[in-house]
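Below is one structure, written out as structure tokens; the observations come after it.
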Amino acid sequence: MFARALTPLIFAASLSAASQSPDELLRLAQDAFLNPSGYEFHGGGLFQPDGSSWDVKFSVDIAAEPAPLETPRSPVNPGVRAGGPFQYEMAGQGDASHSNHPSINIPFSVIGGWTKIALNVDSIKEIGTERLPLNGSMTDCRLLNVLYRPQTDGIQPAQIRYSICSDQHLVLKKVMNTPAGPRPNDLGGSWAVTFDAVQFHHPPPEWLVDLKSLPETKSRSEWLGKRAPNFHLKDLSGETVALTELRGRPVLLDFWSTSCAPCIRDLPNVKRLAEEHKVEVAVWGYRSISPIEIRNGSPSTKRIFPRYQIRNLKFQISTKSKVFPRWF
């Protein structure tokens, strides 16, 4: 008798999960990453470079500490830990003579943005189902192909395929094709991030505590009025320019990248400052690419500079960047 009563209940629950529209399912999956109770997603990533015989594996963890007691229902801001040690495996196809391990950077679009997966959506299409492991058991997932609207810099984001478990509304897999960096010669390929262990009502892991306890960037007032240390950079013609050569003039040093939307939005202001105060102020743009790419135009600069009418700016170039971003 109990078994007969239980069967309709299970069937009704399955119908309820399947009856959610793709838009609703994606929104519920986004809400899971805003859960104020504290959580941790544990899994790994796989990068399959185009034309390479190597597969690159790496770890991925997402965690959020519980919301403060004063505001227990406030959304949380998760932290992401991803990277090495990278594991390289032969894929069994491609050019076997290519024995060098590919050098990659993990794009933020692959491992980040979880709290905004239901925002700026252009289209969603449900394409099927699959079963994935979650906390030691197999669970049913619905597959959604999601296309997002162009970013503020005009770049069209890559289509993303999410595998979302039907009952708990958790993203267990994310697949997309995107280059491993913003440069023209950066490797393209397929990225997949998969989570197989998820815990809620969970204290923050040690790595997140360490990450959140890093000192905040703050204004260094003790530097004001002091002489700036000298440094040297190369301009587009390959000539070395020293800061001391510009002593007596204010210098604006702008660090930028075509993959940084706020940087691109600010380029017209930098251009205007350079044109209106070209005698009084030295304006330098700094980007970690080769002079040839700036002079001849990389695909990203060819797309972005005309859009914002950027011409005739003086750029100083570094071919080896020493600056690494910290993502949250």
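The values are calculated or read from the model by the stated rules, or taken from the named source; none is laboratory data. The shown structure was predicted, so the numbers you read here are calculated from the model rather than taken from an experiment. We place every Cβ from the backbone using ideal geometry, glycine too, and count neighbours over all the protein chains shown.
Does any residue of region 122-133 turn out to be touching a Pro at 6+ places or on another chain (Cβ under 9 Å) and at pLDDT below 85?
Among the residues of region 122-133, not one is touching a Pro at 6+ places or on another chain (Cβ under 9 Å) and at pLDDT below 85, which makes the answer no.
Restricting attention to region 176-192, does a residue exist that is more than 23 Å from Ile104 (Cβ to Cβ) and either aliphatic (A, V, I, L, M) or crowded, with 19+ Cβ neighbours inside 10 Å (or both)?
no
Across region 47-66, which residue is modelled with the lowest pLDDT among those that are under 25 Å from Leu211 (Cα atoms) and surrounded by fewer than 18 Cβ atoms within 10 Å (Cβ to Cβ)? The selected residue is Pro66. Please determine whether any residue of region 68-80 is at pLDDT 90 or above and more than 15 Å from the chain's Cα centre (by Cα). Scanning region 68-80 turns up no residue that is at pLDDT 90 or above and more than 15 Å from the chain's Cα centre (by Cα).
Determine whether region 92-105 contains at least one residue that is under 27 Å from Leu208 (Cα atoms), in contact with a strand residue (DSSP E or B) (Cβ under 9 Å, 6 or more places away or on another chain) and modelled with pLDDT under 85. For region 92-105, residues under 27 Å from Leu208 (Cα atoms), in contact with a strand residue (DSSP E or B) (Cβ under 9 Å, 6 or more places away or on another chain) and modelled with pLDDT under 85: present.
Across region 238-272, the number of residues qualifying as modelled with pLDDT under 70 and either over 19 Å from Phe108 (Cβ atoms) or part of a strand (DSSP E or B) (or both) comes to 0.
Does at least one position in region 114-128 carry a residue that is without any contact (Cβ under 8 Å) to a residue 60 or more places away in the chain, out of contact with any Ser or Thr (no Cβ under 6 Å at 6 or more places or on another chain), within 24 Å of Glu40 (Cβ to Cβ) and part of a strand (DSSP E or B)? No, because not a single residue in region 114-128 is without any contact (Cβ under 8 Å) to a residue 60 or more places away in the chain, out of contact with any Ser or Thr (no Cβ under 6 Å at 6 or more places or on another chain), within 24 Å of Glu40 (Cβ to Cβ) and part of a strand (DSSP E or B).
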